[in-house]
1. Residues with beta-carbon under 15 Å from that of A:Val454, excluding A:Val454: net charge, scoring Lys, Arg +1 and Asp, Glu -1?
2. Which value in deg cm²/dmol, rounded to the nearest 500, describes the helix-derived mean residue ellipticity at 222 nm for chain A, given -39,500 (n - 2.57) per DSSP H run of n ≥ 4 and division by the residue count?
3. Using Cβ contacts closer than 10 Å as the measure, can you line up A:Val437, A:Val246, A:Val305 from fewest to most?
4. Spin-label point model (7 Å from Cα, Cβ direction): what's the A:Gln323 to A:Asp42 distance in nm?
5. Only bridges with both residues in the protein assembly as shown count here: give the DSSP antiparallel percent, nearest 5.
6. Listing A:Met406, A:Met128, B:Met380 from the residue with the fewest other Cβ atoms within 10 Å to the one with the most, what is the order?
7. What is the calculated FRET efficiency for B:Ala119 to A:Val383, with r their C-beta to C-beta distance and R₀ = 35 Å, to the nearest 0.05?
8. Residues with beta-carbon under 11 Å from that of B:Glu93, excluding B:Glu93: net charge, scoring Lys, Arg +1 and Asp, Glu -1?
Protein chains: 2
Amino acid sequence: MSDTPDRLDLKEPYERLEEDPPNPIVTALGLSSDDELHIRLDALHPADFSDYLEEMTDAQREELIARAPGLITGELLAELEDDVVEDVLPLLEPGAIADALTELDSDDVTQIIEEMDEAQREDVLEAMEPLERAGVEASLKFDDETIGRLMQREFVSAPEFWTVGNTIDHMRDAGEELPELFFNIYIVNPRLQPVGYVPVSKLMRARRDATLASLMEEKLFTIAQDLDQEEAAYLFEKYHLISAPVVDMQGRIVGMMTVDDILDIIQDENKEDILALAGVSEAGITDTAYETVRSRAPWLLVNLVTAILASFVIARFDYAIEQIVALAVLMPIVASMGGNAGTQALTVAVRALAERDLTRGTALRTIRREAIAAVIIGLMFAVAMAGISFVWFRDIELAGVAFIAMIINHFFAGLAGILIPLGLKRAGADPAVSSSVFVTTVTDVVGFAAFLGVAAYVLL
Amino acid sequence: MSDTPDRLDLKEPYERLEEDPPNPIVTALGLSSDDELHIRLDALHPADFSDYLEEMTDAQREELIARAPGLITGELLAELEDDVVEDVLPLLEPGAIADALTELDSDDVTQIIEEMDEAQREDVLEAMEPLERAGVEASLKFDDETIGRLMQREFVSAPEFWTVGNTIDHMRDAGEELPELFFNIYIVNPRLQPVGYVPVSKLMRARRDATLASLMEEKLFTIAQDLDQEEAAYLFEKYHLISAPVVDMQGRIVGMMTVDDILDIIQDENKEDILALAGVSEAGITDTAYETVRSRAPWLLVNLVTAILASFVIARFDYAIEQIVALAVLMPIVASMGGNAGTQALTVAVRALAERDLTRGTALRTIRREAIAAVIIGLMFAVAMAGISFVWFRDIELAGVAFIAMIINHFFAGLAGILIPLGLKRAGADPAVSSSVFVTTVTDVVGFAAFLGVAAYVLL
């Protein structure tokens, strides 16, 4: 063995963006020998392999799989984006898929089988070991995004009267049934309910004759199998968990969740929130233009309706605009500033709700803070707006109108930005999904109404 | 020990929002005896304790610390938000802080010491063990958000010729110096460079006389100590790492990062992105109104400038509005639709860049997809807009103008939404921070110009 480790260059992913090296899989497809193709690509890390595969065209993927089907390992399937898995699976034999899946922990197997169509799913399940198959079928009974669906069914548990020696011997014997990696041994009572845990790093340092009971940590967080993934992620994050046992209705251990899977959940939830705030229902880099339209059109339609609402307000004051066209010039500034200020307040609130920093205990204080901040910001920009209006149109009354409208709109923007997400949350809706449209409706309507209304009253 | 575990109710955090139970720390402050106060609160999990402490007023925190200073443990300090740590630290004695910190791993210690003012930092460092102090001082030399600052300096390493038995005996002896938790043993060469690792769960299952060399996994990811935290988080996520050794310029191991710390980094980075997209520089739930204004005003100022730019466009066509006031009524709809469509495309692009799904390899395909989607969406809403305009104003020419303007603005919105973040990324800027303002400027200016320009040409 050499002294220099087989280390990967950590800067590589960024550089890929900058320098655009050729896709090594596509390059390898140029080889005439299928065996050489296989050997060349076999050394790629599954995580990199999947990235390159995702960049390829359907035809290239088909060629690769036809020429070297053995490259499509279970680990690779587990790494691929769902929609690419969906494309790749029909190209493989059910038997080959079942073989590829045996190397994986049950959570990964379930995730891949989810992407199959009904017929293929049956064929693959048919080709699997009965025990493995039963586990997958049990997982599929749970809703998407619940822990029952996501957990792995392999875990290590032991009764508390066992010694360290018993436990280690048991693990040496168990072999294949154990999870690929584990960090805690769960201590169970005779009814198989977890009552504590021993970290592996602690077990290893203990004497062989020590009992698990003497090493056990009793502050154990268990996760119900019907729990939503977001709840579980919150627990892991808040309490810095590395793994947690999953229990059924009777409190019996049925599986475990580990922090590396939680990482994926957190990224998914964050992505959902950030896209929802922008009015996109779902998005992947491999989406077609049609899927892109479908994920964005609904919210644009809602926006069209609210924009028309704002236009009704303008139409209500068309006689004022007819007389003073400067109103039409300045009114979008008032609306735009309010919209942005409202979106700022809203985003902070949505993020605080997601992190559960914004509880009823802190809500009142936060509302007060937003109101004060809105008044200060409103005053600052009202002065700026009045100055601009005066310099532009040399009309002190118009400047005064702009000043007043700006303060009014900022105040409503700040309040809408905090109250709307809080209200939606209390009503049981997801504040990330629906808040934006409400907030910008308020700021548009109030912005136009305040500016044109005050103008009509003062100037005409 | 009882059979029923000391399990926490997992639904609790949500219910806290719904039912608003009293803050148990505030309730306990009502106790007249300081000892009782201490006992009552000692059982709280540090993660919960910190949440309740964050909700309290300064006066309540001061009372708590004055009456039961022993409750402020190192673990609690490590859990608290930075700005609350900053408030709490001045209330504690340097010696007491140094004591509290000894129970922590070095990464947590550094994080707390960062929040101290110069004078207190010196006093606390003075009161610490020399070795611990040296570690903290070394960490503080690294930039904020680099791995050198964030890593823990405790790790387990062994030469490859050691047997499992040697390793376990060594760990039993080492005691305090070892990290609180660890998942991998890093195998180092004589120059202390990591060359592989053995997962603890694998070591434990091996025979005592097996050598580490025979168990070692050679695909090791090492992290440079000057690496940015975001890069490290990306590696952990992509390659599903549980822990990774941190190395100095000579490739020698100096510390480690574990996935639970990466979880915090990922949440921070996500928060930064989501707030940046909304034009908020930083935000915490404990912010004052003044801090809120400071974090939001800069981007609002930029928005004011771009809104004025859009108004110049309107002013350029004021003669058209004077003649056809319906233009003023309809023009915000065109601008608003474009702004929203652009923000959708932008958010998808920023998210894909953050996840590194959007590389140069996929960029061209993504740009083409956005352009096609923009044309389709533009056509759909152009039809709707034309219909609305016709029904409202009974003017077929006006409807035609709205139709054309809508298509033009959607097309530019889609392109701006993808090209602006890509361009900023290539220029080395953070696309999340600066994209929004560019995109909405484009959609406002193009929206007003297209609608009013075409109207002036066709209708006058």
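1. -1
2. The helix contribution divided over chain A gives -21000 deg cm²/dmol.
3. A:Val305, A:Val437, A:Val246
4. Spacing of the two 7 Å Cα→Cβ label points: 8.6 nm.
5. 75
6. B:Met380, A:Met128, A:Met406
7. 0.30
8. -2
Rule-based calculations on the coordinates, nothing more; no lab input. None of these values were measured; they are calculated from a predicted model. In this analysis, Cβ positions are derived from the backbone assuming ideal geometry, glycine residues included, and neighbour counts consider all displayed protein chains.
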